[in-house]
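The values are calculated or read from the model by the stated rules, or taken from the named source; none is laboratory data. Owing to the predicted nature of the structure, the values given are computational and were not obtained by experimental measurement. Note: ideal-geometry Cβ built from the backbone for every residue, glycine included; neighbour counts use all protein chains shown.
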Amino acid sequence: MKIMTPLLAICLASILTGCLSVNIQSNTKTEATPEFHRILIESRLPETDNAYLNQFLTAFPAGYQVCTVLNSPTSFESPAEAIEKQRHTCQSEVLLTIDFYRNYTSGSGKYITTTNELLLEMKNLSNGQSFWKALVKTSGSNEVPPNRIVSKLIDDGLVEGRLPGSKPVQAAN
C-alpha cells in the first residue's frame, strides 16, 4: 500500500498535466514597450465565459490592476466600443488581446491529435502600437491558464514580480 500511494499520485499528476499542453512563442518590440501597471484583457475567443476571464484578475503580480472585456460573436457592442468603455472605467494603459487563430488535426485513427492556435497581442492604448505578440499552441482547450500567459510576460521582461502564490527563488550558496 505504501508503494501504491506514490505511484497513484504520479499517475494522476501525469494524467492531469497531459490534458492541456501549452507552448508559447513570443516576440517583443523592446523599443516600443511602455511602462504599465493597469492592463485590460480582451478575449475574442468564441466560447469564453466570464469565469475564465476573472482568473486574470488575480494572476498578475502585486501592483498590477487588471480589468477584462469579453468580445464574443454574440456581443451586441462592437469590440472597439467595449474596449473603450472598459478602458475609461479602469484607466487601462495597455491591452492584451486573446484571439483564436486556427485549429488543425494531425495523425490518424487512435493517434489523431487536435491542436488549437491562439494569437496574443499587447498594445499601448495611448498610441495603439503593438509591442508584444505571441502564438500559443494548445492541445485540449482554447482557454490557456492565465498564470501561463503571465509567466511568459514575466519571462519576456514585460511584467515585473512573481506569480501570486509562488515561492521566492533563493540563490544557491
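Tabulated results
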| quantity | calculated |
| --- | --- |
| In the range 36-57, residue modelled with the highest pLDDT [restricted to those that are under 17 Å from L119 (Cβ atoms) and of a type in the set (D, E, K, R)] | E42 |
| Among residues of the range 23-46, those that are assigned to a loop (DSSP other than H, G, I, E, B) and surrounded by 12 or more Cβ atoms within 10 Å (Cβ to Cβ), counted | 7 |
| Among residues of the range 152-173, those that are β-branched (V, I, T), at pLDDT 95 or above and assigned to a loop (DSSP other than H, G, I, E, B), counted | 1 |
| Any hit, the range 101-117, residues being out of contact with any Pro (no Cβ under 9 Å at 6 or more places or on another chain), modelled with pLDDT under 95, surrounded by 11 or more Cβ atoms within 10 Å (Cβ to Cβ) and of a type in the set (A, V, I, L, M, F, W, C) | no |
| Selected residue [surrounded by 16 or more Cβ atoms within 10 Å (Cβ to Cβ), more than 15 Å from I41 (Cβ to Cβ) and modelled with pLDDT of 85 or more] from F76, F131, F60 | F131 |
| Hits in the range 117-131 (condition: assigned to a strand (DSSP E or B) and among the small types (G, A, S)) | S130 |
| Selection count where residues are farther than 16 Å from T28 by Cα, small (G, A, S) and not in a strand (DSSP E or B), scope the range 132-151 | 2 |
